[in-house]
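Undergrad: Submitted below is the structure of interest, expressed as structure tokens.
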Amino acid sequence: MIKTDILIIGAGPTGLFTVFEAGLLKLKTHLIDALPQPGGQCAEIYPKKPIYDIPGFPEIMAGQLVDNLMEQIKPFSPGFTLGERAETIEKLEDDTFLVTTNKGTKHNAPVVAIAGGLGSFEPRKPPIPNITDFEDKGVAYIIRDPEVYRDKRVVIAGGGDSALDWTIFLADVASEVTLVHRRNEFRGALDSVERVAELSKLGKVNLITEAEVKELKGDDHITAVGIKHKTKGDIHLDTDYFIPLFGLSPKLGPIANWGLEIEKNAIKVDNSYDYQTNIPGIYAIGDVNTYKGKLKLILSGFHEAAIMCQSAYQRIHPDKKYVMKYTTVGGVEGFDGTKKEAKKEVVKAIV
């Protein structure tokens, strides 16, 4: 069983920043996320899209923001349970919580912070009649290990950043990469669109636009896809893998059954004090919560994380009084023994 001070459900920007704020209070953290890597939507859906409202950064790519947050929290050595969804929660006799994932991993903590963004993510599946028959048999909605596609034939469908980025990456891994998109225009970053066009001209990527994958063929494993082209009609294409990348659909998932007060598919919290839910010890921060005047902004989630950690400290250490010190004064002391602090000037007395 994994034990920690604050169990954070959701490893998006708000969840990651919670690690930093908790670390300043000497509180250990562990994060659970259904996605295979930290970062939430910023890493999975739009890593190369710019964000313009992060204080101190006139412009920063979503993926870079995640990288910066990971670097910022490194001294506090957080634990991660990735690729697993928080499934059930149980209040124990010692007033702590037991959270179990869909894969049976158990976590125990006196405080649970739900920072799940818009909830857990489920892949948006294209309307292909037999697509579920080939799941784990050549069909994948998320690329977890690119080496699986080494020297294989791959068909990717989609027109966003994820489809473009993986097309570019797999061009040097797979023996054959085909990108199918229903339009001529793409919704991704311009440099990615230009790179795919260049790879297509070089013959390293087979680009098929104004077309959709309508049929999957095979027995125990996918062997081919049937493509419907706007002007060329039906196209048969042999392949070893089909990867539809149409984004992820956010849902509260099992959290909706935890006895929390839900309002408009979000968790209602007390924003006048600490973003605690109707169950003491369980907090909700970031886009997953709702209250009067709520703004679904990353910077709002950062603020909520800081306030929540102060309340969590009092819950974990009811007999202690924490005196807040600015990082400019006290520095940042990591659990790994590192310490960042401003250099202190030596002033010599004038005789």
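The values are calculated or read from the model by the stated rules, or taken from the named source; none is laboratory data. Values in this document were obtained by computation on a predicted structure and should not be read as measured data. As a convention, Cβ positions derive from the backbone with ideal geometry for all residues, glycine included, and neighbour counts pool all protein chains shown. Side chains are part of the model used for accessible areas, which takes the heavy atoms of the whole protein and leaves out ligands, DNA and RNA. Shrake-Rupley method; radii C 1.70, N 1.55, O 1.52, S 1.80 Å.
Undergrad: For GLY293, state whether it is of a type in the set (Gly, Ala, Ser), in contact (Cβ under 8 Å) with a residue 12 or more places away in the chain and either closer than 22 Å to MET61 by Cα or open to solvent by less than 60 Å² (accessible area, probe 1.4 Å) (or both).
TA: No.
Undergrad: Here is a follow-up. Using beta carbons and a limit of 8 Å, which pairs, at least six apart or on different chains, have the first residue in region 202-216 and over 12 Å from ASP234 (Cβ atoms) and free of Cβ contacts under 8 Å to residues at least 40 places away in the same chain and the second one surrounded by fewer than 17 Cβ atoms within 10 Å (Cβ to Cβ) and hydroxyl-bearing (Ser, Thr, Tyr)?
TA: Final answer for the pair search is GLU210/THR231.
Undergrad: Within region 266-278, is there a residue that is at positive phi, assigned to a helix (DSSP H, G or I) and surrounded by 14 or more Cβ atoms within 10 Å (Cβ to Cβ)?
TA: So far as region 266-278 goes, no, none of its residues is at positive phi, assigned to a helix (DSSP H, G or I) and surrounded by 14 or more Cβ atoms within 10 Å (Cβ to Cβ).
Undergrad: Can we say PRO318 is surrounded by fewer than 17 Cβ atoms within 10 Å (Cβ to Cβ) and modelled with pLDDT of 95 or more? Write out each step before concluding.
TA: Details: surrounded by fewer than 17 Cβ atoms within 10 Å (Cβ to Cβ): yes; modelled with pLDDT of 95 or more: no.
So PRO318 does not fit the description; no.
Undergrad: Something else about it: With respect to GLY247, is the statement that it is crowded, with 18+ Cβ neighbours inside 10 Å, at pLDDT below 95 and at positive phi true?
TA: Considered against the rule, which asks whether it is crowded, with 18+ Cβ neighbours inside 10 Å, at pLDDT below 95 and at positive phi, GLY247 comes out as yes.
Undergrad: So, one more: Out of all the residues in region 187-207, is one or more within 24 Å of the chain's Cα centre (by Cα) and acidic (Asp, Glu)?
TA: Yes, because at least one residue in region 187-207 is within 24 Å of the chain's Cα centre (by Cα) and acidic (Asp, Glu).
Undergrad: If I ask for residues that are of a type in the set (Gly, Ala, Ser) and more than 19 Å from the chain's Cα centre (by Cα), which ones from region 97-142 would you list?
TA: GLY104, ALA109, GLY138
Undergrad: In region 17-32, what residues are without any contact (Cβ under 8 Å) to a residue 60 or more places away in the chain and either within 23 Å of GLY253 (Cα to Cα) or assigned to a strand (DSSP E or B) (or both)?
TA: Listed by number, the residues that qualify are THR29, LEU31.
Undergrad: Next question. For ILE2, state whether it is modelled with pLDDT under 95, surrounded by fewer than 22 Cβ atoms within 10 Å (Cβ to Cβ), β-branched (Val, Ile, Thr) and at negative phi.
TA: Spelling it out, it is not the case that ILE2 is modelled with pLDDT under 95, surrounded by fewer than 22 Cβ atoms within 10 Å (Cβ to Cβ), β-branched (Val, Ile, Thr) and at negative phi.
Undergrad: Follow-up question, since we're still on this one. Which numbered condition trips up GLU261, out of (1) within 21 Å of VAL99 (Cα to Cα); (2) under 22 Å from the mean Cα position of the chain (by Cα); (3) open to solvent by 30 Å² or more (accessible area, probe 1.4 Å)?
TA: Of the numbered conditions (1) within 21 Å of VAL99 (Cα to Cα); (2) under 22 Å from the mean Cα position of the chain (by Cα); (3) open to solvent by 30 Å² or more (accessible area, probe 1.4 Å), the odd one out for GLU261 is (2).
Undergrad: Okay, moving on. Report whether or not GLU71 is closer than 21 Å to PHE335 by Cβ, acidic (Asp, Glu) and either outside the structural domain of HIS317 (by TED's automatic domain parsing) or surrounded by fewer than 22 Cβ atoms within 10 Å (Cβ to Cβ) (or both). Walk me through it before giving the result.
TA: On the way: closer than 21 Å to PHE335 by Cβ: yes; acidic (Asp, Glu): yes; either outside the structural domain of HIS317 (by TED's automatic domain parsing) or surrounded by fewer than 22 Cβ atoms within 10 Å (Cβ to Cβ) (or both): yes.
So GLU71 fits the description; yes.
Undergrad: Restricting to region 187-201, give me the number of residues that are without any contact (Cβ under 8 Å) to a residue 40 or more places away in the chain and touching an Asp or Glu at 6+ places or on another chain (Cβ under 9 Å).
TA: Residues in region 187-201 being without any contact (Cβ under 8 Å) to a residue 40 or more places away in the chain and touching an Asp or Glu at 6+ places or on another chain (Cβ under 9 Å): 2 in total.
Undergrad: Looking at this structure, is GLU147 open to solvent by 40 Å² or more (accessible area, probe 1.4 Å), free of Cβ contacts under 8 Å to residues at least 12 places away in the same chain and either assigned to a helix (DSSP H, G or I) or on the phi > 0 side of the Ramachandran plot (or both)?
TA: Judged against the criteria, GLU147 is not a match.
Undergrad: I'm checking my understanding of the structure. Among residues of region 17-33 that are aliphatic (A, V, I, L, M) and crowded, with 24+ Cβ neighbours inside 10 Å, which one is farthest from ALA86 (Cα to Cα)?
TA: This residue is ALA22.
Undergrad: Any idea how many residues of region 194-211 are open to solvent by less than 80 Å² (accessible area, probe 1.4 Å) and either among the acidic types (Asp, Glu) or touching a strand residue (DSSP E or B) at 6+ places or on another chain (Cβ under 9 Å) (or both)?
TA: Matching residues across region 194-211 total 11.
Undergrad: Further, regarding this structure: If you go through region 34-66 one residue at a time, how many are open to solvent by 30 Å² or more (accessible area, probe 1.4 Å), touching a residue at least 60 places away in the same chain (Cβ under 8 Å) and either outside the structural domain of ILE6 (by TED's automatic domain parsing) or closer than 19 Å to GLU304 by Cβ (or both)?
TA: Number of matching residues: 3.
Undergrad: I would also like to ask the following. Being closer than 15 Å to LEU245 by Cα, surrounded by fewer than 16 Cβ atoms within 10 Å (Cβ to Cβ) and not basic (Lys, Arg) is the filter here, so list the residues in region 155-193 that pass it.
TA: Passing the criteria: only PHE169.
Undergrad: Okay, next question. Go through GLU185, GLU198, GLU210, GLU263 for me and flag whichever is touching a helix residue (DSSP H, G or I) at 6+ places or on another chain (Cβ under 9 Å) and among the acidic types (Asp, Glu).
TA: Numbers: GLU198 fails: touching a helix residue (DSSP H, G or I) at 6+ places or on another chain (Cβ under 9 Å); GLU210 fails: touching a helix residue (DSSP H, G or I) at 6+ places or on another chain (Cβ under 9 Å); GLU263 fails: touching a helix residue (DSSP H, G or I) at 6+ places or on another chain (Cβ under 9 Å).
Of GLU185, GLU198, GLU210, GLU263, the one residue that is touching a helix residue (DSSP H, G or I) at 6+ places or on another chain (Cβ under 9 Å) and among the acidic types (Asp, Glu) is GLU185.
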